[in-house]
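Colleague: Questions regarding the structure given below will be posed in turn.
The values are calculated or read from the model by the stated rules, or taken from the named source; none is laboratory data. Predicted model, so just to flag it, every value in this text is computed and none were measured. Quick reminder, even Gly has a Cβ in these numbers, built from the backbone with ideal geometry, and neighbours come from all protein chains shown. The protein model used for the area step is the full one, side chains on, heavy atoms only, and it has no ligands, DNA or RNA in it. Shrake-Rupley method; radii C 1.70, N 1.55, O 1.52, S 1.80 Å.
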Amino acid sequence: MGRRGIFLGLLLVHILVISVADTQKENLYIWPMPVSVSHGQHTLYLSNEFELKTDGSKYSDASGILRDGFSSILKIIKGDHVIEDAPRFGSYLVIKGIHVVILSPSDELQHGVNETYRLSVPVDGNPIYAHVEAQTVYGALHALQTFSQLCYFGFETRVIEVHQAPWTIFDQPRFSYRGLLIDTSRHFLPLPVIKKVIDSMTYAKLNVLHWHIVDTQSFPLEIPSYPRLWDGAYSRSERYTMAEAAEIVRYAQRRGIHVLAELDVPGHAESWGIGYPSIWPSENCRQPLDVSNDFTFKLIDAILSDFSKVFKYRFVHLGGDEVDTSCWTFTPHVSDWLKKRGLNESGAYQYFVLKAQQIALSHGYEIINWEETFNNFGSKLNPKTVVHNWLGGGVAQKVVAAGLRCIVSNQDKWYLDHLDATWEGFYSNEPLANITKPEEQALVIGGEVCTWGEHIDGSDIEQTIWPRAAAAAERLWTPYHNLAKNSSEVTARLANFRCLLNQRGVAAAPLAGPGRVAPLEPGSCYKQ
């Protein structure tokens, strides 16, 4: 709270400084909670000609990211309400627009991009403008999202109202990686569904879409270098062209979201062999991929080469989980290959993962692998490896103690497909649990909630994700000292956010109960 009043040197009257412990009784319903917030007791009204002003900004917006973001937010704020004329309240109460100043001319989106912003809504000025200052356009987009949560349609006034003005907000994320996994192999997700998920992520300030594209069941993505790979798709219509993948990346990037592509090897890859059966060890042993076949690695190299033209995020995910190597030993040609190299099953598993890592590095990627790789041969992993925890707690401690980076997704708390996992568990899951050294805490780059697709498709993905993902999103965004120590302290605020999602057309499930439940009985959205 020590940064209040910092923005533009404003010393505003009627300011009430809010501590997180007081947010419930003060009806402060911003989600996720910013670093610091102060507000007053006045009501302002948005002009019907509410405008974007960028005087003094170093960002030219040649690509239109800010302009489009502003238009989208304005549409969200207005909803489908019939808005009447605001100036009848007097110009001294009407907000004419929002003035955004961005200090960096670049809109390059890469890991660790500065997402800090300052937002103020004054009660004086002729005319009145809300103000945003951000280092990058992506921080400015976050500020617009926060501003949208200060706005309400007044059913008595028939205009958009901003209550509790003046506002002064300073904000920045706690973790640079705030992820959501979607799985398009177990069930195909149409492009409009993926785009809608991306839109909903921005509302909670999540910033990495982990796209688990292919798996045992299907290979829906076109690989131009080896076009028969997508013979492994469920059907001819359940496919993505590489141009469509590029469109998803473009769509996400314009909203400040990275797309992390995953190529899970050597397990979870049976579908590859529909088009190229020679990479199966045998007809009766279809995965893991054939470690003894040079073509296997030629294929991986080509896929990652094609990936690198589209997926521009610093990282690529190479999986490495749940590898049952037993059939390598009873497949004669693979067994002979192992013997010639003096390798047993675990040695071959290590060989495969490390060789895949080297291929990814040659294409300019840093690597993310699931935790089994660390658990089995952590000291041999490339130093640029990020270990993705999923099996349970305590792994992150070991990873960072070994000097490697970590992403936390422990399945007992942050797997959205575990429908018995409640939002309270999502909220309380702490990525830095039992990690006390600052240099080790810095190696935990963030966390991710996972929507594995065995029982999820376009019909139920939104209510599986929301609102539980929002609970994790606040854990990943908000400073630790601002987080509620008891989840009951944020129930009303999260319920408000869930209703806000519904109002924006996102099928978020009720809070009362585990994941993906229906409302228990008639009643207000805010009580469910």
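Colleague: Out of all the residues in region 174-194, which are open to solvent by less than 10 Å² (accessible area, probe 1.4 Å) and small (Gly, Ala, Ser)?
Modeller: If the condition is that a residue be open to solvent by less than 10 Å² (accessible area, probe 1.4 Å) and small (Gly, Ala, Ser), then Gly179, Ser185 are the ones that fit.
Colleague: If you don't mind, there's one more thing I want to ask. If I filter region 404-412 for residues that are free of Cβ contacts under 8 Å to residues at least 40 places away in the same chain and basic (Lys, Arg), do I get at least one hit?
Modeller: No; the residues of region 404-412 include none that is free of Cβ contacts under 8 Å to residues at least 40 places away in the same chain and basic (Lys, Arg).
Colleague: Filter region 338-374 down to the residues that are more than 15 Å from Asp301 (Cα to Cα), aliphatic (A, V, I, L, M) and in contact (Cβ under 8 Å) with a residue 40 or more places away in the chain and list them by number.
Modeller: Within region 338-374, Leu338, Ala348, Ile368 meet the criteria.
Colleague: Give me the pairs: first residue in region 379-392 and within 13 Å of Tyr415 (Cα to Cα), second residue part of a strand (DSSP E or B) and among the basic types (Lys, Arg), beta-carbon distance under 9 Å, and six or more apart or on different chains, which are they?
Modeller: That search, which allows pairs on different chains as well, returns nothing.
Colleague: Another question, then. Among the candidates Glu430, Glu454, Glu424, which residue alone is open to solvent by 30 Å² or more (accessible area, probe 1.4 Å) and farther than 30 Å from Phe188 by Cα?
Modeller: It is Glu430.
Colleague: Going through Lys413, Lys437 one at a time, which residue ends up being farther than 20 Å from Val197 by Cβ, among the basic types (Lys, Arg) and in contact with a Gly (Cβ under 8 Å, 6 or more places away or on another chain)?
Modeller: It is Lys413.
Colleague: To continue, here is another question. Criterion first (assigned to a loop (DSSP other than H, G, I, E, B), closer than 22 Å to Ala508 by Cβ and of a type outside the set (D, E, K, R)) does Ala433 satisfy it?
Modeller: Here the answer is no, as Ala433 does not meet what is asked.
Colleague: Grab the strands (runs of 3 or more DSSP E) fully contained in region 65-180, keeping just those with 1 or more residues being closer than 30 Å to His210 by Cα and modelled with pLDDT of 95 or more.
Modeller: Those strands (runs of 3 or more DSSP E) span 94-102, 117-121, 128-134, 160-171.
Colleague: Select, from Leu28, Leu11, the only residue that is open to solvent by 50 Å² or more (accessible area, probe 1.4 Å), aliphatic (A, V, I, L, M), modelled with pLDDT under 95 and not in a strand (DSSP E or B).
Modeller: From the options Leu28, Leu11, the qualifying one is Leu11.
Colleague: While we're on this one: Given the conditions (1) open to solvent by less than 50 Å² (accessible area, probe 1.4 Å); (2) among the hydrophobic types (A, V, I, L, M, F, W, C); (3) not in a helix (DSSP H, G or I), which single one is not true for Leu361?
Modeller: Evaluating Leu361 over (1) open to solvent by less than 50 Å² (accessible area, probe 1.4 Å); (2) among the hydrophobic types (A, V, I, L, M, F, W, C); (3) not in a helix (DSSP H, G or I) leaves (3) as the failure.
Colleague: Quick one: in region 475-519, which of the residues that are surrounded by fewer than 19 Cβ atoms within 10 Å (Cβ to Cβ) and aliphatic (A, V, I, L, M) is farthest from Tyr177 (Cα to Cα)?
Modeller: Once the filter is applied, the top-ranked residue is Ala518.
Colleague: Let me spell it out: the conditions are (1) assigned to a helix (DSSP H, G or I); (2) more than 20 Å from Thr464 (Cβ to Cβ); (3) within 15 Å of the chain's Cα centre (by Cα), and Leu229 meets all of them except one. Which number is the exception?
Modeller: (3)
Colleague: Now for a separate question. What are the residues in region 334-356 that are part of a helix (DSSP H, G or I) and open to solvent by 90 Å² or more (accessible area, probe 1.4 Å), if any?
Modeller: Matches in region 334-356: Lys339, Lys340, Arg341.
Colleague: Mind checking which pairs have a first residue in region 235-249 that is in a helix (DSSP H, G or I) and a second that is surrounded by 16 or more Cβ atoms within 10 Å (Cβ to Cβ) and of a type in the set (Asp, Glu), Cβ under 6 Å, 6 or more apart or different chains?
Modeller: Met242/Glu222
Colleague: Regarding region 205-227, can at least one residue be identified that is open to solvent by 10 Å² or more (accessible area, probe 1.4 Å), charged (D, E, K, R) and farther than 30 Å from Gln145 by Cβ? Write out each step before concluding.
Modeller: Our first condition is that a residue be open to solvent by 10 Å² or more (accessible area, probe 1.4 Å); within region 205-227, this holds for 216-217, 222, 224-227.
From what is left, the residues that are charged (D, E, K, R) are 222.
Add one more test, that the residue is farther than 30 Å from Gln145 by Cβ, and what stays is 222.
Yes.
Colleague: Moving on. Under 6 Å between Cβ atoms, which residue pairs at least 6 apart in sequence (or on different chains) link something in region 305-323 that is modelled with pLDDT of 95 or more with a partner that is surrounded by 16 or more Cβ atoms within 10 Å (Cβ to Cβ) and of a type in the set (Ser, Thr, Tyr)?
Modeller: Close Cβ pairs satisfying both conditions: Val316/Tyr365; Gly320/Thr373; Val323/Tyr349.
Colleague: Moving on. If I filter region 497-505 for residues that are under 30 Å from Pro192 (Cβ atoms), modelled with pLDDT of 95 or more and in a loop (DSSP other than H, G, I, E, B), do I get at least one hit? Give the derivation first.
Modeller: Start the filter on region 497-505 by keeping residues that are under 30 Å from Pro192 (Cβ atoms), which leaves 497-505.
In the following step, the residues that additionally are modelled with pLDDT of 95 or more were identified as 497-505.
Filter once more, keeping what is in a loop (DSSP other than H, G, I, E, B): 504-505.
The answer is yes; a qualifying residue exists.
Colleague: If Ala442 meets every condition in (1) open to solvent by 40 Å² or more (accessible area, probe 1.4 Å); (2) out of contact with any strand residue (DSSP E or B) (no Cβ under 7 Å at 6 or more places or on another chain); (3) touching a residue at least 24 places away in the same chain (Cβ under 8 Å); (4) not hydroxyl-bearing (Ser, Thr, Tyr) apart from one, which number is that one?
Modeller: (3)
Colleague: If you don't mind, there's one more thing I want to ask. Count, please, the residues in region 31-64 that happen to be part of a loop (DSSP other than H, G, I, E, B) and within 30 Å of the chain's Cα centre (by Cα).
Modeller: Selection size over region 31-64: 14.
Colleague: In region 188-202, which residues are aliphatic (A, V, I, L, M) and not in a helix (DSSP H, G or I)?
Modeller: If the condition is that a residue be aliphatic (A, V, I, L, M) and not in a helix (DSSP H, G or I), then Leu189 is the only one that fits.
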